[in-house]
1. Condition first: away from chain A (no Cβ under 11 Å), in a loop (DSSP other than H, G, I, E, B) and over 23 Å from the mean Cα position of the chain (by Cα). Can you find one or more residues in region B:583-599 that meet it?
2. Only one of A:E363, A:E404, A:E390 is open to solvent by 50 Å² or more (accessible area, probe 1.4 Å) and within 19 Å of A:A168 (Cα to Cα). Can you tell me which?
3. Of all residues in region A:366-386, which are surrounded by 20 or more Cβ atoms within 10 Å (Cβ to Cβ) and closer than 26 Å to A:G166 by Cβ?
4. Kindly establish whether A:R501 is in contact with an Asp or Glu (Cβ under 8 Å, 6 or more places away or on another chain), open to solvent by less than 20 Å² (accessible area, probe 1.4 Å) and charged (D, E, K, R).
5. Is it the case that some residue within region A:485-493 is open to solvent by less than 10 Å² (accessible area, probe 1.4 Å) and more than 14 Å from chain B (Cβ to nearest Cβ)?
6. Output the residue which, of all residues in region B:561-582 that are in a loop (DSSP other than H, G, I, E, B) and hydrophobic (A, V, I, L, M, F, W, C), is nearest to B:N88 (Cα to Cα).
7. Inspect all residues belonging to region B:110-122 and state whether any of them is buried (at least 24 other Cβ atoms within 10 Å of the Cβ) and not in a strand (DSSP E or B).
2 protein chains.
Amino acid sequence: MPYGYNGKTLRVNLSRGTMEVEEPPEEFYRTYVGGAGFISRHLLKELWPGVEPLGPDNKLIFAPGVVTGAPVPASGRNSVGAKSPLTNAYGESQAGGFWGAELKRAGYDAIIVEGKAPEPVYLWIKDGRAEIRDARHLWGKPTWEAQCRIIEELGGDRGIRIAQIGPAGERGVRYACILHDINHAAGRTGMGAVMGSKNLRAIAVRGHNPIATAHPERLSQLAKWMRDNFMSLARGYHDQGTLSVLFGLHRAGGLPTRNFQEGHFPRAVGTIDGRTLRDTVLKARRGCWACPVRCKREVEIAEPYHVHPYYGGPEYETVAALGSNCGITDLAAVCKASELCNAYGMDTISAGMCISFAMECFERGILTEQDTDGLKLNFGDAQAMLTLVERIGQRQGFGDVLAEGVARAAQHLGRGSAEYALHIKGQEVPMHEPRYKQGMGVGYAVSPTGADHCHNIHDNVHTGPSLEFEQMKSVGILEAMPSQELSPGKARLLAYFQSWRFLLNSLVMCQFVPYSPTQIVDITRSATGWDTSLWELLKVGERAINLSRAFNIREGLGKGDDRLPQRFFTPFASGPLEGVAVDPDGFARMLNSYYQIMGWDTQQGAPSLGKLEELGVGWAWEEMAKGRGDACGG
Amino acid sequence: MPYGYNGKTLRVNLSRGTMEVEEPPEEFYRTYVGGAGFISRHLLKELWPGVEPLGPDNKLIFAPGVVTGAPVPASGRNSVGAKSPLTNAYGESQAGGFWGAELKRAGYDAIIVEGKAPEPVYLWIKDGRAEIRDARHLWGKPTWEAQCRIIEELGGDRGIRIAQIGPAGERGVRYACILHDINHAAGRTGMGAVMGSKNLRAIAVRGHNPIATAHPERLSQLAKWMRDNFMSLARGYHDQGTLSVLFGLHRAGGLPTRNFQEGHFPRAVGTIDGRTLRDTVLKARRGCWACPVRCKREVEIAEPYHVHPYYGGPEYETVAALGSNCGITDLAAVCKASELCNAYGMDTISAGMCISFAMECFERGILTEQDTDGLKLNFGDAQAMLTLVERIGQRQGFGDVLAEGVARAAQHLGRGSAEYALHIKGQEVPMHEPRYKQGMGVGYAVSPTGADHCHNIHDNVHTGPSLEFEQMKSVGILEAMPSQELSPGKARLLAYFQSWRFLLNSLVMCQFVPYSPTQIVDITRSATGWDTSLWELLKVGERAINLSRAFNIREGLGKGDDRLPQRFFTPFASGPLEGVAVDPDGFARMLNSYYQIMGWDTQQGAPSLGKLEELGVGWAWEEMAKGRGDACGG
């Protein structure tokens, strides 16, 4: 072996019921690494332009990466990708937990799912052997029940890990997610709907192969370092989970409130913030493969809503989307909504944003009870929110409209509702306010997956000394920048940061575990045996950005789709950021800087041949040229 | 201190006789690092476009780097830069030895020399104190004599290190070099002529400050590693010096012979190859600061030419330029020519190329004895070669014509001689045949210093397994490429390699000591305490490339100057590469790929605003725009 890494891809064709094992050469792994790298490469190479996202010709790819399953914190993740039914563009999302590591132990570095099964099935992979099994009896069942039944019928082994969709995915809710062990969601871009369209309910995996690493003793040291240091570097995530950020965002004026009409929400304090959750409903802290941080929550509530701990507990995104963003401060209701989303299998961000969209339309008189099956949809009404979550999951009545996402719902409703449909390229805006984190706003605009925070900058941690700011000096960005700055320097930060995050989503590693870039390089070297560097690895991330961009260009998207909803160009009327808005000229200039920095043309934002050649993927130029332009684009 | 590095720049104005000490912030060091990074930044910021290279407004910059003087092999180097009198463009050259380390110990990271002294002077820097001293008594003296007299008058301390010009620099030979301890030449781009134009004969330095490093124990380990391994990794350089490559180049058909008319030279074997030098005239192996490789030669010859060991011995470039390239196989004559070049202070490459140009013109009847002061200039005539070296050094007779370099000499002579003047941007082609190493040919074309091998690829080591090929996998180039391939992949290799070499010339570190990129990062981290990475460091190199390119664009150079002499598009008539030439279309395509990969426009090859902003030097855009276009460009 030229380096130290080899692996297998399982290609499953559900239409034909066939399975093949591919063994890419090691150069392939070193070039694409896994996760987003694999997915962007495969989708661009293997899909034809204009493919119907919910048709059998779309492909659904599950990809851990070369580091997944190594015995170090942050390495328990996997990505899932396909053409997105929400955006008609590049779709990809990541999840933590244990499933990715288990798939690696079961012998596979990736699964490519093609076609559509005639009847509901699930996939069972154990120690290299794969089997397509009947899932008709699981169809329609909440995820918890399906999980229990699958484990039971596979012999009761509690070590089995399951990636599955719920009823929302079965019914094609366009933002249906894929849950891993019903608590770790690959939430965004509607991958669950793609899985449902293939009649694939679940992929259960179990493996006993040890995951070989090149330098296990070095990995041990790196793992120990994190165990010794995470409580000083990531105490907040351990103590309050990702929800730890809510209070600070509110105080700064950047907490999405009432469909982003406001950025501060005083009533959130003491009701839905991290400390309150910790002190009231938290039952346990849970984590992922090999990780001591344990940022995952497990909550238990008896009254008024029975919330089961086995569905885990809400992340910050969930609490903000279904809480403050809907004007809701009832923590129990938010936890219940989180549970329902996990039971139905749908993205809490998009679900919350669909509901807040409906609430704003209702309060503005665009929607009436005639539209909503009699529901009064006022901000702050927890019961209405919960009812809508269920109806979306069931695609029932008005829930069926919202199950299409805000872009299509607004198109369906008309009446000026589009103004309140906050999405980019069809994907709903996550819980980071672009008027507060203005660089992230540009990051939303240019993300290949539409509004997405998972490969983006958080301007607020680059305003001065912070752990992330200090760590990113290793890429050569030495200067702090105000959170509301839109500048060429910010465009550079965004470009580098996207490469960094696309890399993490390729390895696939967690962005919450506070390893520095230097340490991530060390981990990758130790896991693979490659004499690699941050240069080579950031280029892996940049490659994935460019391939996914090329995919979108081929689908007909372009500069016109790199936009922000009008709301964010409108100043806040009150709060700490009163009067603050995104400056349209500054936004346009930074977008232009970003294109140039990326080596993209400034007409369409298409990667140049030179950029693709620099990344060693000149073949993508040919693929990109096949575009015909039938994307939705929102 | 935010990181671990600080330093001082000494700014000397010779017109006014003033000296100032500047202390740039640490971010400055982290951004520009030293050497080529400093020089490209300073020249672009501080010179006005069109400045006369040999006038008082040019600035001459001596710059070691942040690693110089650290107790590890490869760290004994420094760069010297100014606008070049040979190319009217960015000029820069590097030298090994001990001077750079001594300057650091004397308290300075850089010296910027401005203006022109009314009378010859030298600079004496000791432990932070600097003094301008009379050098009238040194003017006209060979370098050895000047060296002895300076040391003597400064108290006889043998630890004093001296950078100086010789009579060639005093007389403005356009390819005069700067010698460090009379044996380590910053040879190219005529920096010695600039020094001479300022009436500055020498800079003597002595320091006793320890050079502080952040992690001395790690540096010790890295130094020990090289001591333990250089004999297996770099045995050839130790055993035969850089001349070790001559035999292989001849055998492959890539040894410049008779002004590049041929690429093989059977008579070289057993006469001027590395083994023969080792077995006949070698007196000792010498090296640089902290380095065990000892690739420098010391030769001693009594008859027929008395060659003194204190001038060292010839490098490969020297033996090829003054030997095979002039059709000469008399090793003693070549060693004598090397000594003369060191005594006069001129670049052996350009000197050899000027002589071979004259020989070819003479043999073709373009030149006659009327032009050459009665000299018969036939290839293979060692005595004629030696005579010309002296006459050039003295600017005597026909030597005065050749002292201008081949571009100006051909312009002066006319009569079709330009066809045989092998230069790019006015600088003579070094001893690497572009029909053999075709990527290097494109590298010559795009180099900011004209034909230059010091920041270029050696195609022949990337054709398959080799140490350098394996090491460069750490930047993500995984595939071997034929030496005669011109392709986008080769353009990428060139772009990355240039960044790598410009980085080495900024740190300033040696490319012959076989540390891998990973180890160079380790050394830089250990020396500076910065949490840096190969990403950040290659961007330092890329920044220097772009700043020097911007400098040249401002001087009016552009795509039209990125050329190769016509000879290289003409097939070899015989030898191992019979029939091989550079394909003009392939060359043009790769040039275009290279521009695109670099983020430069394809009209002029000017860096885009986005590229400059990505490198954090958006200010260079304004500077570049000041261009008026009065460059020579050859």
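The values are calculated or read from the model by the stated rules, or taken from the named source; none is laboratory data. Values in this document were obtained by computation on a predicted structure and should not be read as measured data. With ideal geometry, Cβ positions are generated from the backbone for all residues, glycine too; neighbour counts draw on all protein chains shown. Accessible surface is based on the protein model in full, side chains and every heavy atom, while ligands, DNA and RNA are left aside. Shrake-Rupley method; radii C 1.70, N 1.55, O 1.52, S 1.80 Å.
1. Taking every residue of region B:583-599 in turn, at least one turns out to be away from chain A (no Cβ under 11 Å), in a loop (DSSP other than H, G, I, E, B) and over 23 Å from the mean Cα position of the chain (by Cα).
2. A:E390
3. A:T372, A:L375, A:L377, A:D381, A:A382, A:A384, A:M385, A:L386
4. In short, no.
5. No, every residue in region A:485-493 fails to be open to solvent by less than 10 Å² (accessible area, probe 1.4 Å) and more than 14 Å from chain B (Cβ to nearest Cβ).
6. Among those residues, the one meeting the criterion is B:L564.
7. No: region B:110-122 contains no residue that is buried (at least 24 other Cβ atoms within 10 Å of the Cβ) and not in a strand (DSSP E or B).
The rows are residues; the columns are (1) crowded, with 24+ Cβ neighbours inside 10 Å; (2) in a strand (DSSP E or B); (3) within 19 Å of the chain's Cα centre (by Cα).
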position	(1), (2), (3)
A:A146	yes, no, no
A:R149	no, no, no
A:E152	no, no, no
A:D157	no, no, no
A:I162	yes, yes, yes
A:G172	no, no, yes
A:G196	yes, no, yes
A:R201	yes, yes, no
A:V205	yes, yes, no
